[in-house]
Amino acid sequence: MAAKLKKGDKVVVLAGKDKGKQGSISVVNPTTGKAVVDGINISIRHTKQSQTEQGGRLPKAMPIDLSNLALLDKNGKATRVGFRVEDGVKVRVAKTTGEVI
């Protein structure tokens, strides 16, 4: 199945504690159906100090389910993603505007 959301996409959170927040995807894991979005779903990780890193309570962005994310279109609104073949190439299309992403 083709990827509806990819690394670098601007997305909005649809459900959960960060509902309504926007960010860009930094990592996508299609096998688990989750993505890491910068500044979203922040958790505090307690890390031990090492020779190279300072320890303490460090904030870390945790994965969020892909079903809780929606792509932002040119107008800044949440949209679903469709697919269309143009010139023999399959492209992603915003359902709200019909424009190629």
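Values in this text are rule-based calculations from the coordinates and carry no lab data. Remember, it's a predicted structure, so these values are computed and weren't measured experimentally. Neighbour counts are summed over all protein chains in view; Cβ atoms, including those assigned to glycine, are modelled from backbone coordinates with ideal geometry.
Which residues among the stretch 67-101 fall inside the zone where the amide N is under 15 Å from a point 7 Å beyond the Cα of L14, along Cα→Cβ? Counting only backbone N, you get 67-73, 77-82, 94-96.
Using only side-chain charges placed at the Cβ, +1 for Lys and Arg and -1 for Asp and Glu, the dipole size of the chain relative to its Cα centre rounds to 240 debye. Under the criterion of Cα pairs below 8 Å and six or more residues apart, the relative contact order for the stretch 10-101 equals 22 percent. Pairs exceeding a 18 Å alpha-carbon distance, out of K21/K95; K4/K77; K19/K74; K10/K90; K34/K77: K21/K95; K19/K74; K10/K90; K34/K77. Applying the Karplus relation 6.51 cos²θ - 1.76 cosθ + 1.60 with θ = phi - 60° to the stretch 39-55 yields 3J(HN,Hα) values of x, 10, 6, 6, 10, 8, 10, 8, 10, 7, 5, 10, 5, 9, 10, 7, x Hz, where x marks Gly and Pro.
Using C-alpha pairs under 8 Å with a sequence gap of at least 6, the mean separation divided by the residue count of the stretch 33-75 gives a relative contact order of 45 percent.
Using R₀ = 22 Å, calculate the FRET efficiency as 1/(1 + (r/R₀)^6) where r is the Cβ-Cβ separation of R45 and S67; round to 0.05. Could the numbers behind the result be given before it?
Numbers: r = 25 Å, r/R0 = 1.12.
With R0 = 22 Å, the Cβ-Cβ based efficiency is 0.35.
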